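Notes for the one structure printed next.
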Amino acid sequence: MLTSLDREWMEARAREAGFDLAGVADVPDSESGEAALQEQRFSTWVEAGHAGEMEYLKRTDETGELVRGDLRRAMPWARSVIVCALNYNAEAPRSIEAAPATSGWIARYAWSGREGEVGGSDYHEVLLPKLKVVEAELKQRFGEGCETRCYVDTGPIVERGYADRAGVGWIGKNTCVINQKQGSWLLLGVIVTSLEMERGAWAVPAADRCGSCTRCIDACPTDALVAPRQMDASRCIAYLTIEKKGSIAEELRAEMGRQVFGCDICQDVCPWNRHAPMGKSGALPPRAELVNPALEWLAQMDGPAFNRWFRGSPLERTRRKRIRRNVAIAMGNSGQREFLPQLTQWAAEDDVVLAEAAGWAIHRLGGGDV
């Protein structure tokens, strides 16, 4: 059994591995009402089309049930989940603060990279080794018979739900995990284990401290937060700039503002992040060039330059093709006619999606005669 003392031991091991927060939660039995409720909520969200084109969230098993709807369906041996969180906040401006009209925005978590090194740092590659350290401690204490799996956004599990169950934080109205002391600048990693938890050792979920605040909902430019704790990902700027392939719906483009990769607005306006501490681990140091990056600089990157800057970075997976599409839209929203020559060049490209986005941006800047 994973006892209360063991839970405290586990949290200490996670902190030693470099995490800022950790907790342990039980996995509901598939036959329980709690598991059925969780599955129903997830399936309703997917059926409503809120997952957009993220097909991995819609994956089903041989019975046609959503794999992520019930952890025990995917891993029958799962009995507990260790949730570890790393604070990635950095001493730098926020997206809602004044910035040059010619600049774009890259999500805070994607700023990282080692000074003097080629390429960036992907948080998956930063968190996974730390999880492996904790996993090794588990194996040493409980033996090789303890079955485990480590995941950083890659497993059939809804991490936020288990972060809530484990007491790491509550799920805010912006759908992010919020910790009263650390805020929401948290990257999550989980270890699924076969260790049982004694009923008396179950974690107490963090109290919901959003109260009557709706700043995140009110601030979302594309109305992706359709209700408290309910996001239509197909309208979320982070989804549109990172996951969405092809053309972005025209009615959403003007609301995307200067976002080039991801979006931090709903976190930037959150009162719990007003005094959130800076990340202490040094595992994801920000690169100054990626904070309010110049749109012209991003636009002029050729393939080799893009690879040099973003190899190993989250931007690498989105690829230069989509980043250029996003930059074209941000240029169109900038109000800066100095971007018209670049946009005109893109409008003549063979890349149909880029050419169409550039044509839209040209029209928005009033440059139809260029």
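The values are calculated or read from the model by the stated rules, or taken from the named source; none is laboratory data. None of these values were measured; they are calculated from a predicted model. Counting neighbours? That spans all protein chains shown, and the Cβs are built from the backbone with ideal geometry, glycine included. Just so you know, the surface numbers come from the protein's heavy atoms only, side chains and all, with ligands and any DNA or RNA stripped out. Shrake-Rupley method; radii C 1.70, N 1.55, O 1.52, S 1.80 Å.
Residues that are more than 15 Å from residue 50 (Cα to Cα) and not hydrophobic (A, V, I, L, M, F, W, C) within the stretch 223-259 comprise 241, 245, 246, 247, 250, 251, 253, 255, 257, 258, 259, listed in sequence order. Residues that are under 18 Å from the mean Cα position of the chain (by Cα) and either within 28 Å of residue 19 (Cα to Cα) or modelled with pLDDT of 95 or more (or both) number at least 2 in the following helices (runs of 4 or more DSSP H) confined to the stretch 245-337: 265-268, 314-334.
Residues that are more than 18 Å from residue 264 (Cβ to Cβ) and surrounded by 15 or more Cβ atoms within 10 Å (Cβ to Cβ) within the stretch 288-306 comprise 296, 297, 299, 301, 306, listed in sequence order. Taken over the stretch 203-220, the criterion of being in a helix (DSSP H, G or I) and either open to solvent by 50 Å² or more (accessible area, probe 1.4 Å) or more than 21 Å from residue 334 (Cβ to Cβ) (or both) is satisfied by 215, 216, 217, 218. Take residue 19 and decide whether it is under 19 Å from residue 160 (Cα atoms), open to solvent by less than 20 Å² (accessible area, probe 1.4 Å) and within 21 Å of the chain's Cα centre (by Cα). Answer is yes for this residue.
Of the residues contained in the stretch 190-201, one or more are found to be open to solvent by 10 Å² or more (accessible area, probe 1.4 Å), over 30 Å from residue 361 (Cα atoms) and of a type in the set (Lys, Arg).
Would you say residue 212 is under 26 Å from residue 142 (Cα atoms) and not aliphatic (A, V, I, L, M)? No: the conditions fail for residue 212. Scanning the stretch 221-241 for residues that are in a loop (DSSP other than H, G, I, E, B) and either at pLDDT below 95 or under 16 Å from the mean Cα position of the chain (by Cα) (or both) gives 224, 229, 232, 236. Filtering the stretch 252-287 to residues that are closer than 19 Å to residue 122 by Cβ and open to solvent by 20 Å² or more (accessible area, probe 1.4 Å) leaves 263, 279, 281, 282, 284, 285, 286, 287.
Note on the stretch 1-60: residues that are within 22 Å of residue 169 (Cβ to Cβ) and basic (Lys, Arg) amount to 4. Hey, any hits in the stretch 159-178 for a residue that's at pLDDT 90 or above, open to solvent by 60 Å² or more (accessible area, probe 1.4 Å) and either of a type in the set (A, V, I, L, M, F, W, C) or under 16 Å from the mean Cα position of the chain (by Cα) (or both)? Yes - at least one qualifying residue is present in the stretch 159-178.
Scanning the stretch 100-108 turns up no residue that is over 30 Å from residue 219 (Cβ atoms), crowded, with 19+ Cβ neighbours inside 10 Å and either without any contact (Cβ under 8 Å) to a residue 12 or more places away in the chain or not charged (D, E, K, R) (or both). I'd like the full set of residues that are more than 29 Å from residue 297 (Cβ to Cβ), exposed (fewer than 15 other Cβ atoms within 10 Å of the Cβ) and either touching an Asp or Glu at 6+ places or on another chain (Cβ under 6 Å) or hydrophobic (A, V, I, L, M, F, W, C) (or both), limited to the stretch 73-99. Selection gives 77 alone.
Quick check, is residue 222 β-branched (Val, Ile, Thr), free of Cβ contacts under 8 Å to residues at least 60 places away in the same chain and over 25 Å from residue 314 (Cβ atoms)? Here the answer is no, as residue 222 does not meet what is asked.
Whether a residue is at pLDDT 85 or above, in contact with a helix residue (DSSP H, G or I) (Cβ under 6 Å, 6 or more places away or on another chain) and within 17 Å of residue 78 (Cβ to Cβ) was assessed, and residue 27 passes this test. Selection within the stretch 33-72: residues that are among the aromatic types (Phe, Trp, Tyr) and open to solvent by 40 Å² or more (accessible area, probe 1.4 Å). The member of this set that is nearest to the chain's Cα centre (by Cα) is 56.
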